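J.: Just dropping this structure here.
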Amino acid sequence: MTERVLVAYASKNGSTAGIATMIAEALREQGLAAEARAVGEVESVGPYDAVVLGGALYAGRWRREAVRFAWHHEADLTERPVWLFSSGPLDATAREGLIPPVPGVQRLVDRLKARGHVTFGGCLQDGAKGRIARMIVKSGRGGDFRDPEQIRLWARGVARELVKEVATP
Ligand SMILES: Cc1cc2nc3c(=O)[nH]c(=O)nc-3n(C[C@H](O)[C@H](O)[C@H](O)COP(=O)(O)O)c2cc1C
């Protein structure tokens, strides 16, 4: 049977949503039934066999909705394979090496017994919401630091683990 994977995300300016869409596409390419959904659109994780949960980083924390989602669905999430991702750094650091989760996300990794966590580069461009966001863009420190190849490779690793598990329960 095809594994159903939920890629849930919390995004303010849309770039984490974009990453979630890329992850879901890469999982589908590997034969999984994956869909990307904003956390607010997900009532239950019951229909899914595995979950990828991602949050945009603001001031050293995940967007609150992502944390709330994790707490609210904790019991169901701990019964399923779960991976977490963060999106944030507005420079090349996420591409150059593994960035550990911020403390609040590390707590979720432990609590949900997540199989893995990765930090992807973020994106802030014209039209970003918020005064500080606009200041960052205006001062030339914005840009798109997401790396589609890095995202695809990470998603393929997730798919490999899930497919292996179905083959050898
Ligand atoms: C006010 C503000 C605070 C931010 N704080 C962080 C941070 O603590 N760590 C980080 O890596 N990125 C930080 N960023 C960058 C965002 O995480 C990045 O732009 C991300 O891609 C936004 O995701 P979204 O488009 O899904 O909202 C911050 C951006 C803004 C505007």
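J.: If you put +1 on each Lys and Arg Cβ and -1 on each Asp and Glu Cβ, how big is the dipole of the range 4-167 around its Cα centre, in Debye rounded to 20?
T.: 540
J.: Just from its helices, what would the mean residue ellipticity at 222 nm be for the chain, if runs of 4 or more DSSP H residues each count -39500 (n - 2.57) and the sum is divided by every residue, rounded to the nearest 500 deg cm²/dmol?
T.: Mean residue ellipticity at 222 nm (helix-derived): -12500 deg cm²/dmol.
J.: Using the heavy atoms of the protein chains alone and a 1.4 angstrom probe, what is the accessible area of the range 90-150 per residue in square angstrom?
T.: 62
J.: Which residues in the range 69-83 place their backbone N less than 12 Å from a point set 7 Å from the Cα of ARG115 along the Cα-to-Cβ direction?
T.: The answer is 80-83, whose backbone nitrogens lie closer than 12 Å to the label point.
J.: Quick check: residue separation of GLN125 and GLU149 times 0.36 nm, minus the Cα distance between them. What number comes out in nm?
T.: That works out to 6.6 nm of additional length.
J.: May I pose another question? So which lysines can LYS138 reach, going by Cα to Cα under 24 Å and dropping same-chain residues fewer than 8 places off?
T.: LYS12, LYS129
J.: Quote to one decimal, in nm, the extra length available between GLU29 and GLU41 on full extension: 0.36 nm per residue of separation minus the C-alpha distance between them.
T.: Net length gain for the segment: 1.9 nm.
J.: Restricting attention to the alpha-carbon atoms of the chain, what are Rg (one decimal) and Dmax (integer), both in Å?
T.: Every Cα atom of the chain included, Rg and Dmax give 15.5, 53 Å.
J.: Still on this model: Using R₀ = 45 Å, calculate the FRET efficiency as 1/(1 + (r/R₀)^6) where r is the Cβ-Cβ separation of THR168 and ILE132; round to 0.05.
T.: 0.40
J.: So who's got an amide H within less than 5 Å of the one on ILE99, skipping anything under 5 residues away but keeping other chains? H placed 1.01 Å off N, in plane.
T.: THR119
J.: Next up: Pick out, from VAL67, ALA17, GLN125, the residue whose Cα sits farthest towards the positive end of the charge dipole of the chain, with +1 on the Cβ of Lys and Arg and -1 on the Cβ of Asp and Glu.
T.: GLN125
J.: With a 1.4 Å probe and every protein chain kept in, tell me what percent of the accessible surface of the range 1-48 is carbon plus sulfur.
T.: Ligands and nucleic acids excluded, carbon and sulfur reach 43 percent.
The values are calculated or read from the model by the stated rules, or taken from the named source; none is laboratory data. Predicted model, so just to flag it, every value in this text is computed and none were measured. All Cβ positions, even for glycine, are placed from backbone atoms using ideal geometry, and neighbour counts span all protein chains on display. Ligands, DNA and RNA are excluded from the accessible area calculation, which covers all protein heavy atoms including side chains. Shrake-Rupley method; radii C 1.70, N 1.55, O 1.52, S 1.80 Å.
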